[in-house]
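A.B. asks: Quick one: structure below, then a few questions.
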Amino acid sequence: MKIAGIIAEYNPFHKGHAYQIRCLREQGFDGIVAVMSGNFVQRASTALTDKYRRARGAVASGVDLVLELPLPYAVASAEDFAEGGVRVLSETGMVSALCCGCESGDEKNRLQYEALCSAEKDGAVGAKMKEGLSYPAACREAVREQGGVWSDAPNDVLALAYRKALRRIAPDIPLIAIQRRGSYHEGSNLPLTAIRREGSNHEGADLPLTAIRREGSDHIGSDGFESAEAIRNRILLGQDVSLSLPLGSWGEQRGAPLSDLKRLERGILAYYRTATANELKPYYGMREGLPERICRYADARDLEALYDRVKTKRFPHSAVRRAVLCGYLKIPAALPKITYLRVLAFNETGQEILREMKKTCSLPVLPILTPRQGDDPLARLQLRGDEIFALTLPIPETGLRDLTESARKICQN
């Protein structure tokens with residue numbers, strides 16, 4: 001079975017995601033395995049709806065199997081986010097290609113990656129960091145000073161991280177790069193219009209897909225494609241998004257209780273107002289000097305004000321947000337080892353993949369956590385995060401669903 005892997009948040013799963021999957025099917029992939037962030041996402045916030053709904057919506061819309069990206073990696077930097085996702089896909093022993101999206105497209109992103117590797121190898125990145133720049137800023141300046149082209153677009157940065165993670169963990173797995181057009185922040189996510197494969201039509205038939213180009217710049221394409229960010233904003237405004245989501249995803253999204261981190265805002269501020277810098281230093285993202293700044297400005301009126309007051313050239317806004325959340329969730333600086341794979345949803349093909357994974361995967365593949373797994377360091381963090389997420393819903397729920405709710409098989413029409 002030829003299987004493609006995707007690392008995603010599906011927050012929510014929209015028509016652009018569905019088109020990507022259809023395109024992979026056309027290229028001969030028999031199965032799609034998605035590693036999906038759980039209840040918290042990389043922008044240091046909660047997902048709009050819980051992970052079970054999002055996983056079921058993804059399977060109902062074309063994915064065959066959804067595995068959870070463990071919480072510590074889901075809220076981490078691009079490099080650690082990629083590390084976690086690639087490790088999960090590699091552990092399955094079934095994935096033959098990784099699919100991702102980026103603004104620059106495959107060729108430019110590959111050149112950017114080569115320039116970054118060169119800048120890291122000769123010490124240019126390290127030298128910039130010693131000057132006080134954050135790692136992303138140091139990469140940008142080092143590459144540009146060497147005459148390379150750098151893109152700060154978020155999916156370009158993630159694509160670089162995927163390439164680095166694949167090189168370290170699974171060098172035999174190729175990357176599938178999807179080029180996006182239009183402003184990321186405006187939510188452009190238009191239909192794929194051309195597919196380029198390496199090699200000639202005949203000789204390249206079995207080669208990995210290397211670039212899929214998106215064209216156009218409208219906020220919403222003529223086919224109704226719209227970005228996840230734009231869809232979330234419209235959902236929060238109470239607008240109808242049924243035309244922007246595949247039917248299966250819409251069925252899970254419709255009427256779902258919406259999470260809002262602001263429901264925990266005073267609790268988070270209270271935590272930091274009563275914490276000491278030394279207490280914060282063991283947690284992820286708390287670089288030297290950052291715990292002191294967070295404690296100093298914890299009298300801020302809300303979280304956005306805290307982020308704005310703490311951020312500096314050395315500590316960009318995104319890094320501050322991430323550190324604040326990770327400190328509250330008590331995620332350690334040394335991320336725990338991935339010790340199991342958590343299944344969230346699957347269909348009939350996904351069930352076949354799971355059967356094969358019993359032969360190829362060295363880790364336990366769990367449709368539900370047992371009390372024994374609950375003693376695992378990774379599981380303890382996961383359960384803690386889910387308990388906290390439950391308090392961000394309109395009516396607080398139990399956060400122990402991982403111990404009570406088994407992965408569900410989704411029957412597609």
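A.B. asks: Going down the list Lys2/Lys51; Lys130/Lys164; Lys358/Lys409, which pairs span over 20 Å between their C-alpha atoms?
C.D. replies: In this structure, Lys2/Lys51; Lys130/Lys164 lie more than 20 Å apart at Cα.
A.B. asks: Using the Karplus curve 6.51 cos²θ - 1.76 cosθ + 1.60 with θ = phi - 60°, what ³J(HN,Hα) values do you get for each residue of segment 123-139, in whole Hz, with x for Gly and Pro?
C.D. replies: With the stated coefficients, segment 123-139 comes to x, 5, 5, x, 5, 5, 5, 5, 7, x, 7, 5, 4, x, 5, 5, 4 Hz.
A.B. asks: List every residue whose amide H lies under 5 Å from the amide H of Leu366, counting only residues 5 or more places away in sequence or on a different chain, with H placed 1.01 Å from N in the peptide plane.
C.D. replies: For Leu366, whose amide H was placed from the backbone, the distant partners under 5 Å are Leu341, Arg342, Val343.
A.B. asks: Run lengths n ≥ 4 of DSSP H only: what is the helix-derived mean residue ellipticity at 222 nm for the chain, with -39500 (n - 2.57) per run over all residues, to the nearest 500?
C.D. replies: Per the formula, -12500 deg cm²/dmol.
A.B. asks: A further question follows. Could you put Tyr19, Tyr73 in order, starting from the residue whose Cβ has the fewest other Cβ atoms within 10 Å?
C.D. replies: Tyr19, Tyr73
A.B. asks: Could you give each residue of segment 325-335 its phi-based ³J(HN,Hα) in whole Hz, using Karplus coefficients 6.51, -1.76, 1.60 with θ = phi - 60°, and x for Gly or Pro?
C.D. replies: 5, 5, x, 5, 7, 6, 7, x, 4, 8, 4
A.B. asks: Ok, one more. From the square roots a ≥ b ≥ c of the eigenvalues of the alpha-carbon gyration tensor of segment 20-62, which class results: rounded (a/c under 1.5), prolate (a/b over b/c), or oblate?
C.D. replies: It is prolate, given that a/c is not under 1.5 and a/b is the larger ratio.
A.B. asks: Going out from 0 in 5 Å bins, what whole percent of all Cα-Cα distances in segment 262-329 drops into each bin?
C.D. replies: Taking every Cα pair in segment 262-329, the percentages come to 3, 21, 34, 30, 11, 1.
A.B. asks: For segment 377-384, just list the computed ³J(HN,Hα) in residue order, Karplus coefficients 6.51, -1.76 and 1.60, θ = phi - 60°, integers in Hz, with x standing in for Gly and Pro.
C.D. replies: Once θ is set to phi - 60°, the couplings for segment 377-384 become x, 5, 5, 4, 5, 4, 5, 5 Hz.
A.B. asks: Now for a separate question. Non-local amide H neighbours of Val35 (under 5 Å, H modeled in plane, Pro and chain starts lacking H): which ones?
C.D. replies: Ile6, Ile7, Ala8, Leu67
A.B. asks: Still on this structure, I have one more. Long-range amide H contacts for Arg254: which residues qualify at under 5 Å (H placed 1.01 Å from N, peptide plane, sequence gap of 5 or more or a different chain)?
C.D. replies: HN-HN under 5 Å from Arg254: empty list.
A.B. asks: While we're on this one: Restricting things to alpha carbons, find the Rg to Rh ratio for the chain using the Kirkwood radius for Rh. Working shown, then result.
C.D. replies: Working: Rg = 20.8 Å, Rh = 22.0 Å.
Expressed as Rg/Rh, it is 0.95.
A.B. asks: Sorted by mean Cβ packing within 10 Å, highest first, what order do the peptides 303-314, 120-131 take?
C.D. replies: Details: 303-314: 17.0, 120-131: 14.5.
Result, highest mean Cβ count within 10 Å first: 303-314, 120-131.
A.B. asks: Another question, if that's okay. Taking a cut-off of 19 Å, what percent of all Cα-Cα pairs in segment 270-404 are separated by more than that? Mind dumping the intermediate values first?
C.D. replies: Details: 5545 of 9045 pairs.
For segment 270-404, the fraction of Cα-Cα distances above 19 Å is 61 percent.
Computed from the coordinates by the stated procedures, all read-outs in this text should not be read as laboratory data. Every value quoted in this text rests on a predicted model; they were computed, and no experiment measured them. Glycine gets a Cβ as well: all are built from the backbone with ideal geometry, and neighbour counts include every protein chain shown.
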